[in-house]
Amino acid sequence: MRHLSGLLSSCRLLPAALLLGAGTAANAQATHDHAEMQADTGPSTSAVREMRWSDPAAWPSGAVPGEGDAVTIDRDMHVVLDVSPPALRSLTISGKLSFSDQRDIDLVTEWIYVPGGELEIGTEANPHKRNASITLTDNVPDEDINTMGDRGIMLMRGTLNLHGNRENTWTKLARTAERGSARIEVLDASGWRVGDEIVLASTDFNPRQAERRHITAISGNTLTLDSALEYMHFGEITFGVDERGEVGLLTRNIRIQASEDSESNYFGGHIMGMVGSKMYVDSVELSRMGQHMHLARYPLHWHLIGEGEGQYIRNAAIHDTFSRCVTVHGTNNLLVENNVTFNTVGHCFFMEDGIETGNQFVRNLGIQTKCHPTLPCEPTNLTDAARGSRGQQSDHILIPSDNTVSTFWITNPDNIYRDNVAAGSDAVGFWIALPAHPTGQFEGSEISAQTWPRRMPLREFSGNTAHSNFDSLMFDRGPSPDGTFNVGGAGHIAYNDPTDPSSGAIPSVVDSYTAYKNRNGAIWGRGEYHLFTNLKLADNAIGFTHAAGGYGVAPYSSRVQDSLFVGESGNIGNPSTPEEIAYGRTLPHVTADFPIRGYEYYDYRHDVVNTTFVNYEPNDLREAGALSYLLFTSFGMSTENMVENATFVNAQPVHFPQIQRRWSSDFAGRAAYRSATIHDVDGSVSGTAGAYIVIDNGMASAEDSCVIRANWNAAVCVADMGRLSIDDTRQFPEFAAGPATNPVVLERNGKRFEYNGETTIPSGAQVRVSTARDSMSLNLREMDQGSWVIFELPGFAAPAGSAQLASMDALRASNQTAWFKDGETLWVKLVVEDATADGPVVVQVGTLRAQATIDVSRQAPVATAALSAGEPRRE
């Protein structure tokens, strides 16, 4: 334990047990029961004395506290801080300390501990008008005040009332701010003042194009800045998408900060409310806050409060911090509203364990969220370079997911996120990262076992915007108990009763979401019954991709309806590379020729309804298409993926890029991509109602029933389409790469196709199957009743359990599964006699079952079905 220093004679000294705890900052969160720690538990029964700090008579020693003193305000004292005292050793408030509003006041101290007392700078009814600051120093390092660390404002059943006088915290540009200009026009500058610090969010792919400036003059909504802008900041609604850049106000009249030494060691201040505490924070500036690589030491942190109804942080500016922004841990029903964050580290608006519900995050603006104070991110995602989890094991991050940092980290869906903006994260804007059960403090508890974030309804997610991120909205990849996650996913399915999956799935709605200038995807989701309405997505490498979370539990996995996708808008960004300068606009991907696409189908089943696609035209630099498929995936495909009432404006409706590893999401068997299919229900894509749009791989397409669209790398086919499985996916692993053992080669109309997993097949197809295998199971699913496929199987014997016919003509005419033997060749007609999928499981992921199946082998069965009446036998 370090020794204390400073003059103590004029003030009451804290008991050592309260002053210093035994735990360390890194492990206190996990090793202490905070509810049992010492703290004043109720108001004083004696009369409260109100006195001025500057009055010697207020203090037991008869002297005003001096430099280095450890000051205690007892329970029966209300001290009004009416002067800026010399730097203190510490301040313990068991009574009440309020700041006078008659002059500007600065308070400097190592830490402030509030056990049952109250710290007040303004109230909700009477906001503070003068300037006030609290600066937290660290001249005596490594203290641990009642397990809450040091260099903080730490409350144990205490109350924090901080209310400044600034309410207009952020606005948008009224017109584009050009590079080199020192004047901008905003929508609303009311209440802003000369000398205020502001930040302009990036409106390009690079989040580091955010710029901070000071206001030197104001004329209406026109602001003059202290220096010219280095980047263009877009300020228009373009092609129906609002890409007007945000402008945030960073100045407040109440400022809580760490001293400047924190800029080099990233050990900032923190505010922590523990059990029984109440925090009411409005219009406060938090700077140099958060303690990098220290758990539970964040700029503002509700820690295991439980019921937080009525508490809030509003209108705050949280900038230049070292670990997070606002943390909600084990606390419900808070209001987090109208705050601005800038240049912060780690998940910013952080919902910690997945137990938290009823909280409202409304109209918050997060700008420039980083993984680390100085180091680049080591993310985990589906790009070829970042598919592994090495970054999750880094020694430079607090929890594994911080290397794939998000501005909004959401671990329980039963909360409200409305009208927020994630304006420039190094990785993710909004991350709905749901654990199976609450983790951290609650892991293994009874309440955790009864809480199912991945099954709980999405209370509200509406009106949110994300731009200038890598991924805009990630609705997947929830953490395991150790905090790690994988790209294989963690699907969300909301149920009427989350504890009972048989209670019926209910829709989860993402409404009025806007995403633009994201370097990878606007939306990635995983789950069932996810409804996305009124989306406005523009200038993203990929607009939308969604994976399944199960099968058969809901009418669809995802549905996008009444939405707008724009490939390239009027926002050209700030071109900088030779390719961008030549092209005339910035590009989302590290490879300039990356094919931009609006909507990527993936898995089963996904709908696009009443949606418009604009500006997805290929050009000399890169390909483009409104509709496509996840590149170049091995997993999941459904012929029931559909589109209806789509509109295309200067947009190629479909494009399936040629396979190239550098653009892949996975690069193994690629079976799903090689058999991609879209059902054009009303013909709004292809011009033919009911048609199927398929990759032109030779199996799904044929000249007699399809029209080849070479520029789409697809064919438009009129036959019923389904899925052909040979054996099941355990025999042909979807993720397998390299040569297959005992391969199966399919031939149709002179085209050969090596089978390596489920593929799309039309009704009426005739397919030759060549293999050295001794036996196979042939299966059809996702087909209409009466659909059929004929298989030619050289070297195979008569199968058991189906009708033998005497001629090919009879076989072709059959309306049930049957076979015909022609010398050494077995011919089988597999017919979907009943559309019910109650056959064997052929796809293990999702336990998808066949509608029709037949087993064949090279060894003849003991007995065969009799010949149909009247048909001669051919040997």
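At-a-glance table
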{"quantity": "Residue that is surrounded by fewer than 24 Cβ atoms within 10 Å (Cβ to Cβ) and within 17 Å of the chain's Cα centre (by Cα), where the choices are 449, 427, 436", "calculated": "436"}
{"quantity": "Qualifying residue in region 442-453 (condition: among the hydrophobic types (A, V, I, L, M, F, W, C), assigned to a strand (DSSP E or B) and within 20 Å of residue 526 (Cβ to Cβ))", "calculated": "no"}
{"quantity": "Selection status of residue 395, among the acidic types (Asp, Glu) and surrounded by fewer than 24 Cβ atoms within 10 Å (Cβ to Cβ)", "calculated": "yes"}
{"quantity": "Residues (over 20 Å from residue 117 (Cα atoms) and surrounded by fewer than 22 Cβ atoms within 10 Å (Cβ to Cβ)) located in region 264-293", "calculated": "264, 265, 266, 292, 293"}
{"quantity": "Inter-residue pairs, beta-carbon under 7 Å, first in a loop (DSSP other than H, G, I, E, B) and crowded, with 16+ Cβ neighbours inside 10 Å and in region 158-185, second of a type in the set (D, E, K, R) and at pLDDT 95 or above, 6+ apart", "calculated": "158/118; 164/252; 164/282; 165/129; 166/252; 174/185; 176/236"}
{"quantity": "Number of the exception - residue 299 against (1) out of contact with any Cys (no Cβ under 7 Å at 6 or more places or on another chain); (2) crowded, with 24+ Cβ neighbours inside 10 Å; (3) under 23 Å from residue 265 (Cβ atoms)", "calculated": "(1)"}
{"quantity": "In region 290-309, the residues that are within 25 Å of the chain's Cα centre (by Cα) and either farther than 20 Å from residue 258 by Cα or among the hydrophobic types (A, V, I, L, M, F, W, C) (or both)", "calculated": "293, 295, 296, 300, 302, 303, 304"}
{"quantity": "Top-ranked residue of region 832-853 - restricted to ones that are in a strand (DSSP E or B) and farther than 17 Å from residue 759 by Cβ, ranked as modelled with the lowest pLDDT", "calculated": "841"}
{"quantity": "Leading residue by the ranking (nearest to residue 361 (Cα to Cα)) among those in region 377-430 that are touching an Asp or Glu at 6+ places or on another chain (Cβ under 8 Å) and among the charged types (D, E, K, R)", "calculated": "418"}
{"quantity": "Selection count where residues are outside any strand (DSSP E or B) and within 13 Å of residue 339 (Cβ to Cβ), scope region 354-390", "calculated": "2"}
{"quantity": "Subset of region 687-715 (residues that are crowded, with 18+ Cβ neighbours inside 10 Å, within 15 Å of residue 749 (Cβ to Cβ) and touching a Leu at 6+ places or on another chain (Cβ under 9 Å))", "calculated": "699"}
{"quantity": "Residue that is nearest to residue 244 (Cα to Cα) [pool: residues in region 189-221 that are among the charged types (D, E, K, R) and not in a strand (DSSP E or B)]", "calculated": "204"}
{"quantity": "Whichever residue in region 524-541 is of a type in the set (D, E, K, R) and in a loop (DSSP other than H, G, I, E, B) and, among such residues, is surrounded by the most Cβ atoms within 10 Å (Cβ to Cβ)", "calculated": "539"}
{"quantity": "Qualifying positions in region 321-339 - surrounded by 23 or more Cβ atoms within 10 Å (Cβ to Cβ) and free of Cβ contacts under 8 Å to residues at least 40 places away in the same chain", "calculated": "324, 326, 327, 328, 331, 334, 336"}
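Let's see how each residue does on (1) assigned to a strand (DSSP E or B); (2) within 22 Å of residue 705 (Cα to Cα); (3) not charged (D, E, K, R):
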| residue | (1), (2), (3) |
| --- | --- |
| 761 | yes, yes, yes |
| 778 | yes, no, yes |
| 783 | no, yes, yes |
| 786 | no, yes, yes |
| 812 | no, yes, no |
| 816 | no, no, yes |
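The values are calculated or read from the model by the stated rules, or taken from the named source; none is laboratory data. Computed from a prediction, not measured in an experiment: that's the story for all the values here. Positions of Cβ are generated from backbone atoms using ideal geometry, with glycine treated the same way; all protein chains shown enter the neighbour counts.
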